[in-house]
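The structure under discussion appears below in the form of structure tokens.
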Amino acid sequence: MRLFIGNKNYSSWSMRAWVLMRHFRIEFEEVMLRFDGFSPQSQFKQRLSEISPAGQVPVLVHDKLVVWDTLAIAEYLAETFSELNLWPRNAAHRARARSVCAEMHGGFRALRTACPMNIEAQLPDVGALALRDKPGVREDLSRIVNMWSELLSQHKGPMLFGEFSVVDAYYCPVVMRLLTYQLPVPLDLKAYMVRVTQLEAVKAWVEAALLENDFLDFEEPYRLGR
């Protein structure tokens with residue numbers, strides 16, 4: 001298996017697939033395609049067009065099969081490695097888990113736009129302004145707080161559905177955003193965030209992200225440089 005990803009510091013969707021595979025010890029070769037822009041003329045888009053018609057990362061290549069989109073990758077891995085229980089074992093819990101992943105997949109646009117993932121940065125002022133000026137960010141944060149609180153209460157932790165699953169991999173980049181922009185959450189959710197950051201796969205991703213030292217101005221409209 002080969003997993004094509006973007007810059008670890010910025011690519012939230014790449015993080016989801018990579019952390020999922022690393023946590024469950026699914027062997028793969030990592031291929032990083034550096035973000036140099038997203039126009040059709042960029043090297044990133046040109047290289048990616050040779051691999052996937054969607055033109056986005058992550059992309060999983062297994063033998064001659066090409067799977068794109070994080071959720072599709074997660075489902076393919078869950079079917080291929082059914083013994084690993086990437087989704088919760090209980091059918092009702094699996095349905096709920098897929099629902100909250102789909103919600104992340106298609107939602108939280110205000111938060112994702114105002115607070116793009118940037119693991120290296122510390123941007124509390126940007127986060128404070130986003131909360132003050134953007135109702136959508138406040139709504140997204142409230143929904144995340146309510147969702148996580150309900151799931152942790154129901155399943156008793158340490159992860160959102162008890163054991164680590166696709167859902168926790170899906171919300172890893174949200175944890176990164178909350179830390180970078182220092183968005184306020186209750187103490188029990190801060191404890192969950194600490195547990196996520198202590199996972200071996202997450203620590204490995206973060207360590208690599210911090211070593212990139214690759215400032216991309218189009219990914220950081222709120223900073224002039226590092």
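Computed from the coordinates by the stated procedures, all read-outs in this text should not be read as laboratory data. Just so it is clear, the structure is predicted and the values come from calculations on it, not from any experiment. Every residue, glycine among them, receives a Cβ derived from its backbone with ideal geometry; neighbour counts consider all protein chains shown.
In plain terms, the chain from Glu207 to Gln122 could stretch by 29.1 nm, reckoned as 0.36 nm per residue minus the Cα-Cα distance.
Using Cα pairs closer than 8 Å and at least 6 residues apart in sequence, work out the relative contact order for the range 76-208, in percent. Don't jump to the answer; show the numbers that get you there.
Details: 117 pairs, mean separation 39.6, N = 133.
After rounding, I find 30 percent.
Out of every Cα-Cα pair that the range 91-208 contains, those further apart than 19 angstrom amount to 45 percent.
In the P(r) worked out for the chain, what percent of Cα pairs fall beyond 33 Å? Before the final figure, lay out each step's value.
Working: 3434 of 25425 pairs.
Tail of P(r) above 33 Å: 14 percent of Cα pairs.
Counted by neighbouring Cβ atoms within 10 Å, the residues Glu207, Glu75 run from fewest to most as Glu207, Glu75. Looking at the chain alone, DSSP beta bridges between its own residues are antiparallel in about 70 percent of cases. Amide H contacts for Met32 (H built 1.01 Å from N in the peptide plane; partners 5 or more residues away or on another chain; cut-off under 5 Å): Ile5. Taking amide H as placed 1.01 Å from N in the peptide plane, the amide H of Gly162 sits under 5 Å from that of Gly157, each at least 5 places away or on another chain. Annotated for the chain: lysine pairs at least 8 residues apart or interchain, Cα distance under 19 Å, count 4.
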